[in-house]
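Below is one structure; the comments refer to it alone.
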Amino acid sequence: MILEREQIQRYMRHIIMPEIGGPGQKKLLDSSVLVHCESISNSAVMLYYLAAMGIGKIDCYAENIDGMEFISRNAKGLNPDLQLQIADVPGIEEYDYTDNYDIIIIFYEKAVQSSRINATDTPAIYTAVAGDWGYIRTVRTKESISQIIDEINNLYAEIKNPEYFSLFSKAYLGFNCTLTAIEAVKVLLNIGSVSEQALKYDLSTYNFGYNQFNNAKKEYVINPENARKELSKAKVLIIGSGGLGSPAAYTLAMSGIEKLGMIDFDTVETSNLNRQILHSTDTIGMAKVKSAEIFLKRLNSDVEICTYNEKFSLENAEALIADYDMVIDGLDNLPNRYLLNDVCYFLKKPWLEAGVLRFDGLATTILPDKSICYRCIFPEVKGRGPIPSCSETGVLGAVPGVMGMIQAIEAIKYLTGVGVPLVNKLLVYDALNIDFTLLDIDRSPHCKLCGTDPTIKTPKEYEFVCTNQFQ
């Protein structure tokens, strides 16, 4: 047998995808990765998703290893087969890479002081976060990397508002780490296309591009203290603590918000752990909201965590949502997305939508009476036939992570008034081709909820049944 029974359960969402299958998952479990970073704590999300997706061995070299014990325990909770250790190698600028690893990840958080990095025959991913900008590039063969160093340093030279970066730093770092973990898995499995040209992005506007990326300097009018004050009194409700809810909650807990509410009536299962980073092998069988609360309080004891171990329904929707400033959708079924949309519309509560399937994701921000609503994009479900879902078609574990991080970034943008949110826009992510597309969406005058002649006057439960999961 290629995989043990417990491994099959844990990675079932991967195994059922033909691009991965059992042999591909076995290859991940046999893979060895070196993560060369400046701070273990700032690389935590990358380590969690690499572990969750089944990487068998991760060596870390970091200038700062504070938090390694906590991170190692959590990563091994996602993947009991994981070997995770501090690597005994020189610094980034001096390291002469060997063939001991299947892939090397080099993660920068500041300008590179020297270009004396030796090239390697081992595939390598160079990734960096610089303010609200980010960078990722994959090198498959031995070649000069002086251009890469110049590209990374150019990003840091453009930073105009370090306060802006500080405000969003955990969200920016988490997004980059999650995206990098996906690219590493693609290289290891030789699936999709990878960023052999430098992908540069601007999360303040969701500008993603290669050679055409607009690298113009920009300035924000921002009062960091006022922005932090807004976050410190914010109350956000996350419906679902799974593939989307986990990364969103993780990021918001680190951002300094006052109160984080979480609704979920499920218990932790082995099959959740390839993508749901708040949970652990040790919490299998525990209520998800309790498992999430334990993790989040260890992450940040100052944030107030309110848990609701119940099913989101017509009976409790309004009461649950009313006390919060905004809502994040981490739902695992389609009917409740329509219920959430309708309840938020009548309560005039902003909410953040995201969905994932296989290697794809989408996200938008919905402001009642000021933007499209969910029904403007998806007016209704046609018929009662089967609906494609993660349980049937699978999902690459870190894809929900990317979309959940985007939801958290959108929440921070809305709460602080800093950055350009996804209002009347749909962000579509294609992980196989590392492609982000931003679509303009107009409000529909024919929408049954927010159109010129609405027919929906009050929220209601929907009769069609969808047992399939979407995240």
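Just the residues that are crowded, with 18+ Cβ neighbours inside 10 Å and not in a loop (DSSP other than H, G, I, E, B), please, taken from segment 300-320.
Correct list: Ile305, Thr307, Ala317, Leu320.
Given segment 326-384, what strands (runs of 3 or more DSSP E) lie entirely inside it while holding 3 or more residues that are under 30 Å from Val194 (Cβ atoms) and out of contact with any His (no Cβ under 8 Å at 6 or more places or on another chain)?
351-357, 360-366
Among the candidates Tyr156, Tyr95, which residue alone is among the aromatic types (Phe, Trp, Tyr), surrounded by 18 or more Cβ atoms within 10 Å (Cβ to Cβ), more than 15 Å from Cys37 (Cβ to Cβ) and modelled with pLDDT under 90?
Tyr156 is the lone residue from the list that is among the aromatic types (Phe, Trp, Tyr), surrounded by 18 or more Cβ atoms within 10 Å (Cβ to Cβ), more than 15 Å from Cys37 (Cβ to Cβ) and modelled with pLDDT under 90.
Can you find a residue in segment 283-298 that is touching a residue at least 40 places away in the same chain (Cβ under 8 Å) and surrounded by fewer than 17 Cβ atoms within 10 Å (Cβ to Cβ)?
Yes, some residue in segment 283-298 is touching a residue at least 40 places away in the same chain (Cβ under 8 Å) and surrounded by fewer than 17 Cβ atoms within 10 Å (Cβ to Cβ).
So, in segment 447-470, how many residues would count as being under 30 Å from Asn274 (Cα atoms) and either at pLDDT below 50 or among the acidic types (Asp, Glu) (or both)?
6
Report the residue count in segment 7-45 for those that are part of a strand (DSSP E or B) and surrounded by fewer than 23 Cβ atoms within 10 Å (Cβ to Cβ).
3
Could you give me the residue pairs with C-beta distances under 7 Å whose first residue belongs to segment 311-324 and is in the same structural domain as Ala287 (by the TED database) and free of Cβ contacts under 8 Å to residues at least 12 places away in the same chain, whose second residue is among the acidic types (Asp, Glu) and surrounded by 12 or more Cβ atoms within 10 Å (Cβ to Cβ) wherever it lies, and which are 6+ apart or on separate chains?
Cβ pairs passing all conditions: Asn316/Glu310.
State the number of residues belonging to segment 8-22 that are in contact (Cβ under 8 Å) with a residue 24 or more places away in the chain and more than 11 Å from Ser271 (Cβ to Cβ).
Here the count works out to 3.
The values are calculated or read from the model by the stated rules, or taken from the named source; none is laboratory data. Here the structure is a predicted model, which is why all the values come from computation and not from measurement. Cβ: placed from backbone, ideal geometry, glycine included. Neighbour counts: every protein chain shown.
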